[in-house]
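See structure below.
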Protein chains: 2
Amino acid sequence: MVDKRKIEKLEKLARLIRYLILVSTTGAGSGHLTSSLSPTDLIVGLLFSGIFRFDVDHPGHPNNDRLIFSKGHASPLFYALWSAAGKVTEEELMTLRKFGSPLEGHTTTAFPYVEASTGSLGQGLSIGLGMALNAKYIDKLPYNTYVLLGDSEMSEGSQYEALQLAAHYNLDNLIGILDVNRLGQRGETMYGHDLTAYEKRISSFGWETILINGHSFPEILISYEKALQVSNKPVMVIAKTIKGKGVSFIEDKNGWHGNVLNKEQLAQALKEIGEIDKSIRVEIPKPEDLKPEKYVPRKAKGISYTTDKPVATRKAYGYALVRIFPDFPTMVVLDAEVSNSTYSEIFKKEYPERFFEMYIAEQNMAGTAQGLCCRGKVPFISTFGAFLNRAFDQIRMSQYSDANIKFVGSHAGVSVGQDGPSQMGLEDIAMFRTILNSVVFYPSDAVSTDKLVEEAAKHNGIVYIRTTRNETPVIYSKDEEFPIGGSKVVRSGSKDIITVIAAGVTLFEALDAYEELKESGIHIRVIDLYCIKPINKKALKQAIGATGSILTVEDHYAEGGIGEAVRSALAEYGMPVYSLAVQKMPKSGKPEELLDYEEISKVAIIKKIKELIREEKL
Amino acid sequence: MVDKRKIEKLEKLARLIRYLILVSTTGAGSGHLTSSLSPTDLIVGLLFSGIFRFDVDHPGHPNNDRLIFSKGHASPLFYALWSAAGKVTEEELMTLRKFGSPLEGHTTTAFPYVEASTGSLGQGLSIGLGMALNAKYIDKLPYNTYVLLGDSEMSEGSQYEALQLAAHYNLDNLIGILDVNRLGQRGETMYGHDLTAYEKRISSFGWETILINGHSFPEILISYEKALQVSNKPVMVIAKTIKGKGVSFIEDKNGWHGNVLNKEQLAQALKEIGEIDKSIRVEIPKPEDLKPEKYVPRKAKGISYTTDKPVATRKAYGYALVRIFPDFPTMVVLDAEVSNSTYSEIFKKEYPERFFEMYIAEQNMAGTAQGLCCRGKVPFISTFGAFLNRAFDQIRMSQYSDANIKFVGSHAGVSVGQDGPSQMGLEDIAMFRTILNSVVFYPSDAVSTDKLVEEAAKHNGIVYIRTTRNETPVIYSKDEEFPIGGSKVVRSGSKDIITVIAAGVTLFEALDAYEELKESGIHIRVIDLYCIKPINKKALKQAIGATGSILTVEDHYAEGGIGEAVRSALAEYGMPVYSLAVQKMPKSGKPEELLDYEEISKVAIIKKIKELIREEKL
């Protein structure tokens, strides 16, 4: 039985929230009014009925329930809720969508009660999954994670990735709230108001589903109570709602997705909403004051590298994870069903409790990582560099959520060999370079990989580590340091006529070219650009000053890679930067054959340098 | 009733195919042997039983049935099938995975019977969807499209995007064949041999499902016959198979995903396969010799632009589609539920029969476009530039399939304004520049947009067109030409001290800066770089020769965009290229405020140039 007075209070609150949504969007002159009105009752019912537990003065409390608006455009509702909770004044609400206001067009972490920035649809459920995974398996805390989903965004494949993994991990602490308001941006959704269409799909993935009228508080409250009683599986509350609910002349009407009311319409709408009580205050009950489970990883046996034994950097990555884990116990390792290729399986074997198999579903892996790092974890997530492209949109969005995720892409470049182009990461450097303040590492040997994995763990931010399929010689001693933003001059002399800048596999091609050129009396400098971003401008400037020009050589497409990074660093100096990169359609073949074919091998380096000499450019 | 002699012949053929898979993979020394053996009976039963109709001498016949290996790593099976069909000799088969051979590690279009390159998992069903859509709604031909799927790849969200859209469009000519061999790359899949787990999920999306033993020819043949009788919905044949089937010591064993047999193991395996008959020849029945429906779009009313009325380039895109369609009747327009924002709805209203709503599922939209262009269509596909990131992996793969797809991304840059960072395409130029031989257009006004859409349609290849949310002035006359690889000098004089290179919204900032600087006696050249790739090297060289240095200004992140494209074009000339780009965390605000904040506005251009003058660099 639902308490009648409680219902009345919720109805009052919902009126207040609708009022705030209406005035703030009309004030802003744009925004998603109707998408905010449809889930209002659902979220008022969650937040203000005693079900949601949250210490409003400590949004970071480890045992707070979490709420994510996957439909980030319902931000006016989100801000109005926290206004009702006393955390945003009406005056502040009126800064909605204005420059400098934390109340942005789609929810972002500029507003302290936002867990993660959303607005690119179909991402919130994966983020929630990461938080729920954290609660159940890592922090071992009883908090619940709620995700508000739009019906239109259910067409994103990423949703089904999240659905399957949440069920796979029995996340009964994850509750989705699906706001089926029938209308997308440009018209009706694929399934309209057919709740059973969603029920069939979602339950087929192993979720419990509860169908309700999303504007009936008794149904809403009962659904949450039921949801909290379900064990061993996640729950989706599927609610029939009306887009624009509460304002008769926009209810269930197409064409209002991105529109707000003008002043006359607002006056009319407020009349319909009726009397509101601004003095009404809500109490959100605090969660139990519990702390995350303490976890102290035992030390594992180390590995040491010797110059007589080549090691693939992807393998060194796996060993490095194991080595550093005791010093970084907030680490969590995820992989997309290729842990025997990325070698994250080395970590998995040692610390299975901190490894999560994410299967071939890279978008959800990236979203889960975001959720984990919202809860203070440091996720290392790996797959082939090529397949990280699958998660570009999640990677892009993570930069707007202050992410602290370490992405690791193996099988970089054409040196993958026989498997052919589909498996070759040839645009990964370009992709990760576009991310604001990202760090991009490309180690050449096992020692530098080992050190760079540790640097990645130390650094608070987005880091990409590019690893190589095949074994490469160990060239560094274990005392060498590899700071962020550094590079290594590996060959140099006073007679150097050009600096060759390489990284990863091409470093060894450059070293071979160095030897062969030396025999014909041509001296070159060789730099290992193990950190592509931020780039070591000072060292590049020094090198170009000393040798007059630069030749970059990379196993990556010409655009957005090492060549362009070096050019940008030196753009203002006006010195020539030549480059060798992958520029022909790659194919299957032996790695050496492909490096030659793409003209990024020793042979190509020597040829290019001799050509420049002939043309009197050196 | 299934004919006994037919079954015996198929069994014989399956033995031959298994023999060919075994010898070719052992010969190659690598490859996916076990993943090829599990679907052998399924595909032998399809291709050689009379069900599949294909003119082997005319693989491009418009009424051929189509077969796509979404699990592209089963390529040894694919090549062996065409060997049995007499199209590849055993000697040629032995070039598998070797440099220069069309028999690549994962199926690519280098081999003429491959419809589209695969190998990045979870993409084949969308490609098949495009082909089936073509058959049913465009060419109106009775051919069927078959897609072989792996069980492990069913975890990719893109699969569910394809499942929902195929059902939405009632594609009863699309038949999936799901090879449930239980094992992924590193171990068991999420659902192992539980066929009903797949049945539940797939049927929930509106597909017919048929469960069979994938090694029983009677069941296989009956399933295809049944599938062909289903109307109004697509069908998935869900087959229980054994990974490595036919070779006892690798059957259903983990650890054999990427491994092949050594010579001793091969001898043992061939003994198990038993006697094979190399003389056996197969007949694949030809399809009816039908031609695609002729379609002549009627001319629609044109629109003309005048310099007194600003128009958003996104809107000009919609009008351009309508204008050019009668001249390019193979065009098909797709959109991901934002046609009222990208303005592809202008085309939809005029030619609804050639517009397909793809809902918010960008990966499937890109895959569908690939399928359409495999069948000779020219797809224009649009969404926000930011959300095309979602399809990066499909875009990447399309370059390996000789794609002829036109991607259109609206809402480019921070000039999107109030909606905030989640909606801003700020890495789209970088992404599309990485694609081999891609063309990247960024029109500034309605006239150039109109012309560039036509250029895109004319060009055979991947084209990206970047459009802007807000209105911009019309600056070009309708007689102006905008060839691929061109640029426009829009302001110039003999006293120019620097060339400002801009495109899209920043062109207008540069023009405003020009006026203001002129008043203080500072003359600048302004170039509209409407085509970012291929870049107009000659014009850039001329400009830098004449003015001494260059300043690029772009509404895009600094990496991989216009600045780096220009630097790469001029890298060997050793002249300074300064640049202004988005380098701070974007936020909500008015477009003008954001351009100022990111220092890519008129104010920033003037400031930078005055700074360079002060530093005596100009």
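The values are calculated or read from the model by the stated rules, or taken from the named source; none is laboratory data. This structure is a prediction, so every number in the text was calculated from the model and none was measured. Neighbour counts run over all protein chains shown; Cβ positions are idealised from the backbone, glycine included. Side chains are part of the model used for accessible areas, which takes the heavy atoms of the whole protein and leaves out ligands, DNA and RNA. Shrake-Rupley method; radii C 1.70, N 1.55, O 1.52, S 1.80 Å.
Within region B:92-100, is even one residue assigned to a loop (DSSP other than H, G, I, E, B), of a type in the set (Phe, Trp, Tyr) and either open to solvent by 10 Å² or more (accessible area, probe 1.4 Å) or at pLDDT below 95 (or both)?
yes
Quick check on my filter: what residues within region B:499-530 are among the aromatic types (Phe, Trp, Tyr) and touching a residue at least 24 places away in the same chain (Cβ under 8 Å)?
The answer is B:Phe508, B:Tyr530.
Those residues that are more than 14 Å from chain B (Cβ to nearest Cβ), open to solvent by 20 Å² or more (accessible area, probe 1.4 Å) and not in a strand (DSSP E or B), I need them from region A:204-232; list them, please.
Across region A:204-232, the qualifying residues are A:His215, A:Ser216, A:Pro218, A:Glu219, A:Ile222, A:Glu225, A:Lys226, A:Leu228, A:Gln229, A:Val230, A:Ser231, A:Asn232.
Every residue, every condition in (1) in a helix (DSSP H, G or I); (2) in contact with a Phe, Trp or Tyr (Cβ under 9 Å, 6 or more places away or on another chain), yes or no:
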| site | (1), (2) |
| --- | --- |
| A:Phe387 | yes, no |
| A:Val440 | no, yes |
| A:Lys451 | yes, yes |
| A:Glu481 | no, no |
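I'm checking my understanding of the structure. Among residues of region A:544-553 that are more than 25 Å from A:Val463 (Cβ to Cβ) and in contact with a strand residue (DSSP E or B) (Cβ under 9 Å, 6 or more places away or on another chain), which one is most open to solvent (accessible area, probe 1.4 Å)? It would help to see each step written out before you state the result.
Filtering region A:544-553 for residues more than 25 Å from A:Val463 (Cβ to Cβ) gives A:544-551.
Next, from what is left, pick out any that are in contact with a strand residue (DSSP E or B) (Cβ under 9 Å, 6 or more places away or on another chain): A:544, A:546-551.
Details: A:Ile544: 5, A:Ala546: 62, A:Thr547: 13, A:Gly548: 31, A:Ser549: 4, A:Ile550: 0, A:Leu551: 0 Å².
Checking each candidate, the answer is A:Ala546.
Of the conditions (1) farther than 25 Å from B:Trp256 by Cα; (2) of a type in the set (D, E, K, R); (3) within 14 Å of chain A (Cβ to nearest Cβ), B:Arg186 satisfies every one except a single condition; which number is it?
Only one criterion is unmet by B:Arg186, namely (1).
So how many residues does region A:417-426 have that are facing chain B (nearest Cβ under 9 Å) and either open to solvent by less than 10 Å² (accessible area, probe 1.4 Å) or in a helix (DSSP H, G or I) (or both)?
6
Here are some conditions: (1) free of Cβ contacts under 8 Å to residues at least 40 places away in the same chain; (2) in contact with a strand residue (DSSP E or B) (Cβ under 6 Å, 6 or more places away or on another chain); (3) in a loop (DSSP other than H, G, I, E, B). A:Asp496 meets all but one. Which one does it not meet?
Among (1) free of Cβ contacts under 8 Å to residues at least 40 places away in the same chain; (2) in contact with a strand residue (DSSP E or B) (Cβ under 6 Å, 6 or more places away or on another chain); (3) in a loop (DSSP other than H, G, I, E, B), A:Asp496 violates only (1).
Just to be sure I understand, how many residues within region B:112-142 are within 16 Å of B:Met236 (Cβ to Cβ) and at the interface with chain A (Cβ under 9 Å from one of its Cβ atoms)?
Counting residues in region B:112-142 that are within 16 Å of B:Met236 (Cβ to Cβ) and at the interface with chain A (Cβ under 9 Å from one of its Cβ atoms) gives 1.
Which members of region A:571-618 meet the condition of being more than 9 Å from chain B (Cβ to nearest Cβ), in a helix (DSSP H, G or I) and open to solvent by less than 50 Å² (accessible area, probe 1.4 Å)?
Result: A:Pro591, A:Leu595, A:Ala604, A:Ile605, A:Ile606, A:Lys608, A:Ile609, A:Leu612.
Are any residues in region B:246-276 open to solvent by 50 Å² or more (accessible area, probe 1.4 Å), over 28 Å from A:Val416 (Cα atoms) and part of a loop (DSSP other than H, G, I, E, B), and if so, which ones?
Matches in region B:246-276: B:Glu275 only.
Among B:Phe69, B:Phe78, B:Phe52, B:Phe48, which is the only one that is touching a helix residue (DSSP H, G or I) at 6+ places or on another chain (Cβ under 6 Å), closer than 19 Å to B:Ala28 by Cβ and not charged (D, E, K, R)?
B:Phe69
Would a scan of region A:78-88 turn up a residue that is of a type in the set (Phe, Trp, Tyr), in contact with a Pro (Cβ under 6 Å, 6 or more places away or on another chain) and either away from chain B (no Cβ under 12 Å) or surrounded by 24 or more Cβ atoms within 10 Å (Cβ to Cβ) (or both)?
No, the conditions are met nowhere in region A:78-88.
Hey, among the residues in region B:143-170 that are more than 12 Å from chain A (Cβ to nearest Cβ) and open to solvent by 10 Å² or more (accessible area, probe 1.4 Å), which one's nearest to B:Lys226 (Cα to Cα)?
B:Asn144
Considering (1) within 14 Å of chain A (Cβ to nearest Cβ); (2) touching a Lys or Arg at 6+ places or on another chain (Cβ under 6 Å), say which one B:Pro287 fails and leave the rest.
So B:Pro287 meets the others, but not (1).
Of the residues B:Arg201, B:Arg182, which single one is under 17 Å from B:Ser35 (Cβ atoms) and either open to solvent by 10 Å² or more (accessible area, probe 1.4 Å) or of a type in the set (Val, Ile, Thr) (or both)?
B:Arg182
Name the single residue, out of those in region B:459-482 being in contact (Cβ under 8 Å) with a residue 40 or more places away in the chain and open to solvent by 50 Å² or more (accessible area, probe 1.4 Å), that is farthest from B:Gly521 (Cα to Cα).
B:Asn460
Taking the conditions exactly as written (under 25 Å from A:Lys458 (Cβ atoms) and open to solvent by 10 Å² or more (accessible area, probe 1.4 Å)), does A:Lys533 satisfy them or not?
Taking the combined requirement at face value, the residue satisfies it.
Name the residue that is surrounded by the most Cβ atoms within 10 Å (Cβ to Cβ), counting only residues in region A:352-393 that are of a type in the set (S, T, N, Q) and within 9 Å of chain B (Cβ to nearest Cβ). Break it down stepwise before answering.
Here is the first cut: in region A:352-393, the ones of a type in the set (S, T, N, Q) are A:363-364, A:368, A:370, A:382-383, A:389.
Now narrow it down to the ones that are within 9 Å of chain B (Cβ to nearest Cβ): A:363-364, A:389.
Working: A:Gln363: 30, A:Asn364: 35, A:Asn389: 28.
Restricting to residues being of a type in the set (S, T, N, Q) and within 9 Å of chain B (Cβ to nearest Cβ), the top hit is A:Asn364.
Name the residue that is most open to solvent (accessible area, probe 1.4 Å), counting only residues in region A:54-77 that are more than 14 Å from A:Pro285 (Cα to Cα) and in a loop (DSSP other than H, G, I, E, B).
Filtering region A:54-77 for residues that are more than 14 Å from A:Pro285 (Cα to Cα) and in a loop (DSSP other than H, G, I, E, B), the one most open to solvent (accessible area, probe 1.4 Å) comes out as A:Gly60.
Let me spell it out: the conditions are (1) closer than 14 Å to B:Thr552 by Cα; (2) open to solvent by 30 Å² or more (accessible area, probe 1.4 Å), and B:Lys518 meets all of them except one. Which number is the exception?
Here B:Lys518 meets the rest and fails (1).
Take region A:1-45 and flag every residue that is touching a strand residue (DSSP E or B) at 6+ places or on another chain (Cβ under 6 Å) and either assigned to a helix (DSSP H, G or I) or surrounded by fewer than 24 Cβ atoms within 10 Å (Cβ to Cβ) (or both).
Listed by number, the list holds a single entry, A:Leu42.
Name the single residue that is nearest to the other protein chains (Cβ to nearest Cβ) among those in region B:427-438 being over 14 Å from the mean Cα position of the chain (by Cα) and among the hydrophobic types (A, V, I, L, M, F, W, C).
Applying the filter and picking the extreme gives B:Ala430.
Taking the condition of being outside any loop (DSSP other than H, G, I, E, B) and in contact with a Leu (Cβ under 7 Å, 6 or more places away or on another chain), how many residues in region B:396-414 meet it?
4
When you go through B:Thr506, B:Thr499 one by one, which is the residue that is open to solvent by less than 40 Å² (accessible area, probe 1.4 Å), touching a helix residue (DSSP H, G or I) at 6+ places or on another chain (Cβ under 7 Å) and either modelled with pLDDT of 95 or more or basic (Lys, Arg) (or both)?
Working: B:Thr506 fails: touching a helix residue (DSSP H, G or I) at 6+ places or on another chain (Cβ under 7 Å).
From the options B:Thr506, B:Thr499, the qualifying one is B:Thr499.
Checking the structure you have, find out if any residue of region A:127-138 is in contact (Cβ under 8 Å) with a residue 60 or more places away in the chain, surrounded by fewer than 24 Cβ atoms within 10 Å (Cβ to Cβ) and not hydrophobic (A, V, I, L, M, F, W, C).
Yes, region A:127-138 contains at least one residue that is in contact (Cβ under 8 Å) with a residue 60 or more places away in the chain, surrounded by fewer than 24 Cβ atoms within 10 Å (Cβ to Cβ) and not hydrophobic (A, V, I, L, M, F, W, C).
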